[in-house]
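See below for the structure under consideration.
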Amino acid sequence: MAIGITTLDFYSILIDRGYFKDLKSVCELGSQEVVVRNWEDFASRVPQVEPLVEGFDPSNRQTIAAKFFYEKLGFELYKCIDTDESPDALVFDLNKSFKETYGYSQQFDLVTNHGTSEHCFHQYQCFSNIHDLCKVGELMIHCLPFQGALNHGFYNYHASFFMWLAAANNYQLLSLVVTEANVTSLIPYSDYIVRSLVTCSQEHRLIFVAFQKLDDIEFRVPYDGQYLSNTVSPGAIVSEYRAYQKSSSDYINRGNQLVESGQIEEAIFEYQQAIITNIYAWNGYILMGVALQKLGQLDEAIDSYRKAILYHPKSLSPRSRTATAGETRGGNGKLQAGDRPDPP
């Protein structure tokens, strides 16, 4: 398992936003190494690690132990969890509870999952262990297969998996990005971007997620958000999940508050979470379209309105807004049948 150049790019984003400030301890799932082809390019991503590259020859396939990488970033305590008995490794089975099986309860400022959990069959236990390893108020980072990677492990991961995980456990989503084809560069996740991706089993893409753990609570199992929100008369089981899991309306309400305070980009991030949590939240698509239109992102706005039409075809509002956005963009040439409101 390795920390590659796109992981460095993701770390740079988080460092620039101040999320790594004052982090002193890290625990990684899997014994990691830093592996890149161009060490100068690597050093330019995170200036603090430049001294590490001196004397390294990538032609000899040399690597940097993750422990030394984190030390250059200011971390004072490094641990990893693996079954290979690597230095600094805690030899634990991710399929078992660390607390119950090993009596281990230490917590860390940063917990990372760089290409490890997909090799663990017991997903509940694996993510419960990650939850328990992280201190309240601190960070969890996941870098996992999103598309392709056939037979690489047990699982690939969707954005909805992480949104439902966050909704059930009150995590704050800090960043959500995916890689271009064959892991070349990072792009912010959005419904519009993902639908434009060419689906090919041979194209390997990763998903990067950063969470902040907000509460000192036991790990809670997520429920599929689209059924949590759309069940009209929920039984006892669904009601149990509704009692603690955030719904799409929670993210929409937060987005509306941000719009009122003029924080449009932050509001779009909340609306995006709403529609990942529940793809049928048609009002979330409308609100996101309005916010995108305010920023002049007309193609994305029109796409969002069309999704609202798809999930709520009788509503006139998204049709009217689609037509208006299309005319603002420069004529009706690209508008589709049904984009305009039906005549009265």
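The values are calculated or read from the model by the stated rules, or taken from the named source; none is laboratory data. This is a predicted model, so every value here is computed, not measured. Please note: Cβ atoms are built from the backbone with ideal geometry, for glycine as well, and neighbour counts cover all protein chains shown. Remember, those area values only see protein heavy atoms, side chains included, never the ligands or the DNA or RNA. Shrake-Rupley method; radii C 1.70, N 1.55, O 1.52, S 1.80 Å.
Values as computed for the structure displayed
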read-out: Among residues of region 1-15, those that are buried (at least 19 other Cβ atoms within 10 Å of the Cβ) and polar (S, T, N, Q), counted; value: 2
read-out: Condition broken by Val259, with the remaining ones in (1) in a helix (DSSP H, G or I); (2) surrounded by 15 or more Cβ atoms within 10 Å (Cβ to Cβ); (3) modelled with pLDDT under 90 satisfied; value: (3)
read-out: Output for region 27-72, where each listed residue is under 12 Å from Thr112 (Cβ atoms) and either out of contact with any Cys (no Cβ under 6 Å at 6 or more places or on another chain) or modelled with pLDDT of 90 or more (or both); value: Cys27, Glu28, Leu29, Gly30, Gln32, Ala66, Phe69, Tyr70
read-out: Some residue of region 16-26 being modelled with pLDDT of 85 or more, open to solvent by less than 50 Å² (accessible area, probe 1.4 Å), among the hydroxyl-bearing types (Ser, Thr, Tyr) and closer than 22 Å to Cys80 by Cβ; value: yes
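Residue-wise test of (1) in contact with a helix residue (DSSP H, G or I) (Cβ under 8 Å, 6 or more places away or on another chain); (2) under 14 Å from Cys27 (Cα atoms).
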| site | (1), (2) |
| --- | --- |
| Ala89 | no, yes |
| Gln106 | yes, yes |
| Val111 | yes, yes |
| Gln123 | yes, no |
| Asp132 | yes, yes |
| Gly137 | no, no |
| Met140 | yes, yes |
